1. Which shape class, rounded, prolate or oblate, goes with the range 1-82 when its Cα gyration tensor gives a ≥ b ≥ c as root eigenvalues, a/c under 1.5 marks rounded, and past that a/b bigger than b/c marks prolate?
2. Based on alpha-carbon atoms only, what is the radius of gyration of the range 111-200 relative to the globular estimate 2.2 N^0.38 Å?
3. Just N33, N55, N79 to compare: in a GNM of the chain, with alpha carbon springs under 10 Å, which one fluctuates most?
4. For labels at I154 and K118 in the simple 7 Å Cα→Cβ model, what's the distance in nm?
5. If you stretched the chain out fully between M99 and V125, how much longer would it get, using 0.36 nm times the residue separation minus the C-alpha to C-alpha distance?
6. By DSSP, what percent of the beta bridges with both residues in the chain are antiparallel, rounded to the nearest 5?
7. Note the full-extension length gain between R169 and K184 as 0.36 nm times their separation in residues minus their Cα-Cα distance, in nm to one decimal.
8. Give me the percent relative contact order of the chain, please, defined on Cα pairs under 8 angstrom at least 6 residues apart.
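Any read-out appearing in this document is the output of simple, stated calculations on the displayed coordinates, not a laboratory observation. Worth saying up front: this structure is predicted, and the values here are computed from it rather than measured. Positions of Cβ are backbone-derived with ideal geometry, glycine not excepted, and every protein chain shown enters the neighbour counts.
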Amino acid sequence: MKIIFLGAPGAGKGTQSEITGKRYNIPTISTGNIIREAIDGRTEMGLKAKEAVENGRLVTDGVVIGIIKERLKKKDCKNGFILDGFPRTIPQAQALDGMGVIIDKVISIEVPDEMIAKRMSGRRVCPGCGIAYHLVHRPPNVADVCDICKTGLIQRKDDIPETVLDRLRIYHEETEPLKEYYQKTGKLRIVWGLGEISDTTASTSKALED
């Protein structure tokens, strides 16, 4: 099965794409991960991506598409794959179609912006051992102190409310139009990620079997 996961940052699509990949025994292809792999592997597209990153530029659509194309040719994609983080825009979706890739289902994990902002702004991370906490769902035993190594917890820049709202704005402007694009093909399925992870997983499984 070939699946695309959509969803705003913080909606939980990464978690659901990983769970689904294990269930179907197919690779989950995260754009960020494969760009790093291409750079480390010094592929043609990886070298172009490296040049952009080292010069403080965004990796262009052409390079991202080229890296995706290289990745989909690998043997582990023979029986299917999950795309998480690609496509992000209509032109990227059109490029995927142009590769002759036939997607079976597109799952959009939906969570209201207010809930996402609340989820992400409550996250804290230990800079010492990397353990993640949440002020509501997984608070440390002592406020702002890691249970394991007793280091003071920090809030990542990506989790600051202003940053979260800016990322959500970009998602709505650039990526959300993909829902209409795939709705027209009859492949889009909406999954509400409002409850526990297990609830969202059950809804995702049902949507994929629909």
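1. Details: a/c = 2.59, a/b = 1.51, b/c = 1.72.
Oblate, because a/c is 1.5 or more while a/b does not exceed b/c.
2. Details: Rg = 16.7 Å, N = 90, 2.2 N^0.38 = 12.2 Å.
Against the empirical 2.2 N^0.38 Å value, I get 1.38 for the range 111-200.
3. Between N33, N55, N79, it is N55 that shows the largest mean-square fluctuation.
4. Label-label distance for I154 and K118, simple model: 2.8 nm.
5. Numbers: separation 26, 0.36 × 26 = 9.36 nm, distance 3.99 nm.
Between M99 and V125, full extension yields 5.4 nm more.
6. On the way: 7 of 24 bridges.
In the chain, DSSP labels about 30 percent of beta bridges as antiparallel.
7. Working: separation 15, 0.36 × 15 = 5.40 nm, distance 2.37 nm.
Roughly 3.0 nm would be gained on extension.
8. Values: 290 pairs, mean separation 56.2, N = 210.
With pairs under 8 Å counted, the relative contact order is 27 percent.
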